[in-house]
1. Taking 0.36 nm per residue of separation and subtracting the Cα-Cα distance, what length does fully extending residue 192 through residue 66 add?
2. Once R0 is set to 30 Å, what does the formula 1/(1 + (r/R0)^6) return for the Cβ-Cβ distance between residue 218 and residue 183, expressed as a FRET efficiency to the nearest 0.05?
3. Between residue 11 and residue 255, what is 0.36 nm times their sequence separation minus the Cα-Cα distance? Round to one decimal in nm.
4. As a footprinting exposure proxy, order 22, 170 by other Cβ within 10 Å, with the fewest listed first.
5. Given Cα positions, please report Rg to Rh for the chain, the hydrodynamic radius being the Kirkwood one.
6. Please give the contour-minus-distance gain from residue 175 to residue 200: 0.36 nm per residue of separation, less the Cα-Cα distance, rounded to one decimal in nm.
7. Which residue fluctuates the most in the chain, going by a Gaussian network model with Cα springs under 10 Å, if the choices are 110, 26, 92?
8. Grab the beta carbon distance between residue 286 and residue 74, set R0 = 30 Å, and tell me the FRET efficiency rounded to 0.05.
């Protein structure tokens, strides 16, 4: 700014700015020195920032994603977003996200917390990355049944058992498939005492960690044998972009496969929404559409992801507009 263009008011504001920011005087000290009231000093400082007479910059070290986390929290109305670096090796990225998720739970879980977990690669990585006694809880509960032919270590029961052993707490089991052959067989299964009790615990858990799936060739839903690859990828043509706890969603976060939802042996879509703190965990930019749908549908209140997925979500949300505040 050219000194000749400065007004007397500008000069006063600049002096206040110099005394406060460069000479480290408090607002009360500046007020005493300038003969102003402290509220007036506060007003002049604010005006100086608004008029561009001072610029405040916060350091952003390499690998710090604070600004991106806040942007996603604001866009989707989330309680917290944690972003980890994207590694060249996918398993490394998954484990980083898993550790970050365990750290998040260490701030929220108590000895009375019932923790629900779903299934899949990201949730498995969470269990693997969680240190022993990393956080307190009362018990660990599966949110969905077993996953057919998929690798046993990805099943919710196995994830629950391994996590509970690390935490030294009780573990419940859900001795049923994730998807029954029909709504009738599902009703028969959930009426069985052991299954009914576990599902009741799942619906009333305090905190949950859930994986988020996309309509991708690598989906564990295909590996589990619930769908052929052709059938699964065909969901894209029906407007389906992803799933959470086996509930398939469109791009607005609405359930789009009611016939399948009626066969799921696990937590209901509304039950998932009611959990006080459901944490979604996912990595990979290719999962962007599915994660965006889960966030728009209000199924999770916190998210742990990697940088590439985070930036993909920001791009998607910018194209689609700000999420409806009523969600």
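Throughout, read-outs are computed from the coordinates displayed, never taken from laboratory work. From a predicted model like this one, the values you see are computed outputs, not experimental measurements. A quick note on method: Cβ atoms are made from the backbone with ideal geometry, for glycine too, and the neighbour counts reach across all protein chains shown.
1. Numbers: separation 126, 0.36 × 126 = 45.36 nm, distance 4.71 nm.
Stretched fully, the residue 192-residue 66 segment lengthens by 40.7 nm.
2. Values: r = 29 Å, r/R0 = 0.96.
Calculated value: 0.55.
3. Details: separation 244, 0.36 × 244 = 87.84 nm, distance 6.07 nm.
Result: 81.8 nm gained on full extension.
4. On the way: 22 9, 170 12.
Placing the least packed residue first, the sequence is 22, 170.
5. Numbers: Rg = 25.1 Å, Rh = 21.9 Å.
Computed over Cα atoms, the ratio is 1.14.
6. Details: separation 25, 0.36 × 25 = 9.00 nm, distance 1.40 nm.
Residue separation times 0.36 nm, minus the Cα-Cα distance, leaves 7.6 nm.
7. For the chain, modelled as a Gaussian network with Cα springs under 10 Å, the answer is 26.
8. Working: r = 24 Å, r/R0 = 0.81.
According to the calculation, E is roughly 0.80.
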